[in-house]
Amino acid sequence: MNGVKWIKLDTGIFQSPKVRKLRRMPSGDTIALIYIDLLTLAGRQGGTGELMLTEGMPFDLEDLAFECDTDVNTMRMAMTMLQQLGMVGLREDGCYVIDGWDDHQAVDGATLKNRERQRRYRERQKAKRLLAQAEAAEAIEAEAFAAVEDCPSQTTELANDATQSVTRDVTDYALEIRDKSKEEEQKEKAQKEKLEGDVTHVIDYLNARSGKRFNPRGEQARKVIRARLSGGYTVDDLKAVIDAKCAEWLNDQHFCKYLRPSTLFAPGHFDEYLANARSSPPQARAPGGQPIDFSIYD
């Protein structure tokens with residue numbers, strides 16, 4: 001498998017809440033090192049965040065233990081903790097995946113390759129379902145012919161009925177797949193439109209709170225906001241961080257420049273910023289020192 005030679009590590013990786021929590025756990029430092037090893041392994045094996053031994057064969061725990069130079073029990077404990085912390089995921093096909101790989105690595109072409117791999121996986125699953133349907137149809141036809149072996153006069157009529165029944169089943173199944181596909185496409189389109197609308201809303205909100213003029217159509221700002229919203233955070237979470245950091249940094253000449261999407265919503269800092277915002281709701285002030293009346297923006 002063609003991988004990448006380099007991977008990116010956030011300079012704040014050991015200050016992130018997840019890694020800090022991990023290192024406080026039993027054998028946490030060992031598991032943190034295993035996580036770094038898994039990142040490099042994912043890079044070597046394709047640069048998509050998937051831990052695949054070959055194109056169709058994922059690494060199992062024994063393989064990963066060998067690659068990370070540890071024992072299977074330690075590897076099992078490490079993968080359990082990493083999954084609980086949302087740092088590693090496990091797909092239905094048994095493949096471990098580094099969560100947030102695309103956000104952190106941004107390797108050229110990796111995102112498209114990962115999407116293509118996911119598309120092929122979905123196609124394989126669909127093919128399995130169609131094969132199962134075809135096998136069921138053949139079984140129905142075989143039973144129909146077997147049932148009339150001793151009644152030659154009825155063979156043709158029953159066989160035709162069985163064939164028509166099978167044809168109807170397959171047709172109905174095909175129509176069901178088509179309708180479901182259209183429904184899923186419409187749902188995905190609606191979700192995408194909502195996500196993009198939420199991204200624009202967050203940028204507008206940041207501009208209103210900070211007095212800055214970030215371009216709502218700028219892809220660099222949209223990308224980092226989109227990643228947080230796609231990762232399970234809500235618009236209110238992002239607005240809470242904006243409010244908190246505006247209150248803390250708006251009147252500070254040094255930190256005011258960091259009131260920008262790339263800092264506020266960076267994956268290495270966002271959890272910490274959000275936790276602080278939730279624990280102590282801010283009273284933001286405008287550059288002149290007066291409290292900001294947030295109601296005018298609602």
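Here is how the numbers come out for the structure above:
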quantity: Stretchable slack from THR234 to GLU62, in nm (0.36 nm times residue separation minus alpha-carbon distance); calculated: 58.1 nm
quantity: Qualifying lysines (Cα of each under 20 Å from Cα of LYS8; at least 8 residues distant if same chain); calculated: LYS18, LYS113, LYS223
quantity: Heavy-atom accessible surface of region 1-87: percent carbon and sulfur, 1.4 Å; calculated: 53 percent
quantity: 13 Å beta-carbon shell around GLN15, net charge (K/R +1, D/E -1); calculated: +1
quantity: Extension gain from ARG217 to VAL72, taking 0.36 nm per residue of separation minus the Cα-Cα distance; calculated: 47.4 nm
quantity: Accessible-area composition of region 183-285, carbon plus sulfur, in percent [1.4 Å probe]; calculated: 47 percent
quantity: Relative packing of 88-97, 269-278, 185-194, 43-52, which averages over residues the other C-beta atoms within 10 Å, highest first; calculated: 43-52, 269-278, 88-97, 185-194
quantity: Projected label distance in nm at SER280 and TYR205, using a 7 Å step from Cα toward the beta-carbon; calculated: 2.2 nm
quantity: Pairs beyond 30 Å (Cα-Cα), from LYS21/LYS245; LYS128/LYS189; LYS126/LYS239; calculated: LYS126/LYS239
quantity: 20 Å reach of a label modelled at GLU55, 7 Å along Cα-to-Cβ, counting backbone N of region 3-33; calculated: 3-4
quantity: Extension gain, LYS194 back to LEU9 (0.36 nm per residue minus Cα-Cα distance, nm); calculated: 63.5 nm
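The values are calculated or read from the model by the stated rules, or taken from the named source; none is laboratory data. Remember, predicted model here, so these are calculated numbers, not experimental data. With ideal geometry, Cβ positions are generated from the backbone for all residues, glycine too; neighbour counts draw on all protein chains shown. Surface accessibility is based on the protein's heavy atoms, side chains included, excluding ligands, DNA and RNA. Shrake-Rupley method; radii C 1.70, N 1.55, O 1.52, S 1.80 Å.
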